[in-house]
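Scroll down for the structure; my scribbles are underneath it.
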Amino acid sequence: MTSGRALFAVFGFDSTHVALKAEDALLAADLEVALIPTPRALGSLCGFAVRVPAEQRQSASAVLETARVDVNGVIEIEDRARR
């Protein structure tokens, strides 16, 4: 078993509805996405955010723009990879 750190981009939204729309758009684009609780670093947004691997940040941003999803904030977080 190896352990390490993985870098992720986290997109925040104003409402749960928008977060779910973002998740659907990213899944349809075949990106690796997870719906997560909004990190405090994004402030007091809705309770959900979407997380994608950092290397997919540009692709995810393009997908969300095309889908007309309003992103309220983006941060990068480092997380432990459990393998």
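Values computed for the structure shown
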quantity: On Cα atoms only, tilt of 57-66 relative to the major axis of the chain in degrees; calculated: 20
quantity: Sorted largest first, extent of region 3-75 alpha carbons per principal axis (Å); calculated: 35, 27, 15
quantity: Potential extension, T16-A34 segment - 0.36 nm per residue separation minus Cα distance; calculated: 5.1 nm
quantity: Mean Cα-pair separation over length for the chain, i.e. relative contact order, pairs under 8 Å, 6 or more apart, %; calculated: 49
quantity: Rounded to 10°, Cα long-axis angle of helix 16-28 versus longest principal axis of the chain; calculated: 70
quantity: Cβ-based net charge around E76, under 14 Å, with every Lys or Arg adding one and every Asp or Glu removing one; calculated: 0
quantity: A49 long-range amide H proximity, modeled H, under 5 Å; calculated: I36, T38
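The numbers here are math on the coordinates, done by the rules we state, and not lab data. For clarity, every value in this text was computed on a predicted model and none was experimentally measured. Heads up, the Cβs are rebuilt from the backbone with ideal geometry, glycines too, and the neighbour counts pull from every protein chain shown.
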